[in-house]
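Take a look at the structure set out below.
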Amino acid sequence: VGGSGDAGAASAAVIAARSVGPALLLCMGTSSIAFLAFVPTAYRGLGELGVISAGGMVIAFTLSLTLVPALFAVIGEPAPRPERPSRRARTLPPSLVLTVTLLLALAATWPASSLRFDYSVLAMRDATTEGMSTLLELQDSGVATDYSISVLAQDAAEAEAIAERLRRLPEVGEVTTPTELVPPAQAEKRALLVPLRALLATLDPVQPANLQDLLPDAVDFLASVREAVPEGDAAAYDAFLAALREMDGAERARLDGELERALETEIAALQRLLAAEPFTLDDAPPSLRSLLITEDGRQLVRVQPAAPITDRERAGAFVAAVDATAPNIAGRTVIEWGVGGVVVASFLQAATLALGTIVLLLLLYFRTLIEPLLVLVPIGLAALFTAAVAELTGLTLNMANILVVPLIFGLGVDTGIHVVHRFSHTGDVAALEASSTPRAVTIAGLTTIGTFLSLSFSPHKGAASIGLLLFIAISLLLLATFVVLPALLTLRQRLRGRSA
């Protein structure tokens with residue numbers, strides 16, 4: 001664009017705004033819709049995030065068409081770039097590109113369809129930290145689990161009846177009630193302890209011994225049973241005997257004192273065990289009792305799953321089985337399963353709303369059916385291959401990164417809009433590639449990739465998974481935009497030529 005001074009800069013800005021302004025407006029609208037798609041859903045957190053993000057996009061679009069031209073008018077227009085001569089697009093044969101793409105898409109369908117949604121909040125935490133690794137180790141060993149269900153019974157009789165019914169369910173593993181803390185047949189067991197306690201009372205107090213006289217006989221006895229020692233422990237046993245033989249008087253006196261104290265400790269512990277008396281739940285510490293029994297006598301029944309809960313289907317079967325058998329169920333599993341249902345429903349609603357609105361805007365902008373389809377092809381391929389890569393690399397959808405799919409639609413549609421918009425003006429793929437559009441789209445895509453790649457280093461696993469998935473998606477989108485889309489545009493150009 002010619003011109004000089006303020007008038008030339010203003011004229012260039014006006015022409016540029018008229019040329020790319022509609023496409024920028026469409027991109028701003030589609031990207032904002034991707035964020036705003038969660039507003040009508042029950043997922044309030046992502047809805048509020050969408051309002052903030054969409055507002056930022058509106059502000060950025062407004063400043064691009066107002067502040068940037070004003071700055072050019074003040075500081076002068078940028079130095080003009082010489083236009084590159086138009087050349088034929090150096091692309092692969094369209095038939096080859098589309099055939100390979102179709103085969104890859106068919107191959108990616110199977111792993112993409114297996115991508116699962118992990119509703120647990122634990123999925124958004126770093127499994128390598130000390131606390132999480134300990135919890136996972138306890139769950140794997142069956143000592144503790146994060147997926148138990150609590151049932152509140154009115155009294156002890158109802159708690160036992162509920163536990164008996166739950167133990168018959170195939171989805172249920174271990175069931176515990178407060179009464180199980182009290183061992184059965186305590187009177188019979190106490191009767192067995194009485195004679196042992198009387199026998200222990202007849203033992204004489206521990207008397208200090210003279211190892212100087214007793215140690216040689218003890219060493220000889222230990223040496224006589226050397227053949228009974230396992231082969232793997234023989235070397236250590238021989239070293240132990242040698243150490244006993246080489247003890248001097250002071251070392252023998254120290255060993256005698258340690259043995260005396262150890263024997264007294266063991267006898268005292270045995271006396272406490274033999275003096276045990278029958279007890280009931282009323283004798284339990286208040287801190288423990290308050291966790292199992294309420295002040296009005298209601299009792300807590302803990303239910304463990306029979307198999308590890310690894311996906312929403314298993315969690316749903318476990319919760320449904322317990323809910324159909326016992327009243328008043330609660331616990332983290334029930335809450336997260338319910339919240340997971342809200343998230344999945346919100347995701348489907350937001351994805352449908354975003355895609356439908358984006359398609360409608362594309363139809364209104366291009367006024368044809370072919371161009372919107374050309375814009376959506378790279379987005380569909382990016383979403384498909386992203387899901388396949390995530391499944392093959394072990395990534396899962398969680399309550400944080402589930403917004404990735406609507407964002408792929410909203411952020412990914414921008415590249416297709418600019419490329420197809422330029423093609424609709426030039427009508428030639430070679431002219432499109434010689435223009436500044438591919439360079440601008442590439443720079444914009446790389447800045448987006450860099451932004452989300454930095455997010456992938458976040459210590460919060462949920463935020464990091466958002467950055468990683470969007471990094472993969474936008475990278476695949478750029479690849480599809482500059483490999484698959486030119487092939488489709490070439491076919492579109494040929495069809496136009498034949499029609500003319």
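The values are calculated or read from the model by the stated rules, or taken from the named source; none is laboratory data. For clarity, every value in this text was computed on a predicted model and none was experimentally measured. Please note: Cβ atoms are built from the backbone with ideal geometry, for glycine as well, and neighbour counts cover all protein chains shown. All accessible areas refer to the heavy atoms of the entire protein, side chains included, with ligands and DNA or RNA removed. Shrake-Rupley method; radii C 1.70, N 1.55, O 1.52, S 1.80 Å.
So if I take the alpha carbon set of the chain, get Rg, then get Rh from the Kirkwood formula, what is the Rg over Rh ratio? Value, to two decimals: 1.24. Simple rule: put +1 on each Lys or Arg Cβ and -1 on each Asp or Glu Cβ in the chain, find the dipole, and look at Ala185, Leu102, Phe117; the Cα lying farthest toward the positive end is Leu102. Neighbours of Leu361 by Cβ distance under 14 Å: Lys/Arg scored +1, Asp/Glu scored -1, total -1. Measuring nothing but how far apart in sequence close Cα pairs (under 8 Å, 6+ apart) lie, relative to its length, the chain scores a relative contact order of 29 percent.
At an R0 of 56 angstrom, the distance between the Cβ atoms of Arg165 and Leu115 translates into a FRET efficiency of 0.95.
With N as its number of residues, region 252-297 has a Cα radius of gyration that, divided by 2.2 N^0.38 Å, comes to 2.03. For the chain, the longest principal axis of the alpha carbon atoms and the long axis of helix 249-274 meet at an angle near 80°.
Building the convex hull from the alpha-carbon atoms of region 355-405 and averaging its projection over directions returns 4.0 nm².
Helix 44-75 versus the longest principal axis of the chain: what angle, 0 to 90°, nearest 10, using Cα atoms? The answer is roughly 40 degrees. The alpha carbon convex hull volume per residue for region 221-367 rounds to 396 Å³.
Taking GluC sites (Glu not before Pro) across region 239-316, the ones in a DSSP loop with at most 14 further Cβ atoms lying within 10 angstrom of their Cβ are Glu246, Glu295.
Relative to the longest principal axis of the Cα atoms of the chain, the long axis of helix 211-224 lies at roughly 70 degrees. On the chain, 65 percent of the accessible area sits on carbon and sulfur atoms, based on a 1.4 Å probe. The alpha carbon radius of gyration of region 391-479, expressed as a multiple of 2.2 N^0.38 Å, is 1.27.
Estimated from helices alone, the mean residue ellipticity of the chain at 222 nm is -23500 deg cm²/dmol (sum of -39500 (n - 2.57) over DSSP H runs with n ≥ 4, per residue). Averaged over its residues, the chain has an accessible area of 56 Å² per residue, based on protein heavy atoms and a 1.4 Å probe.
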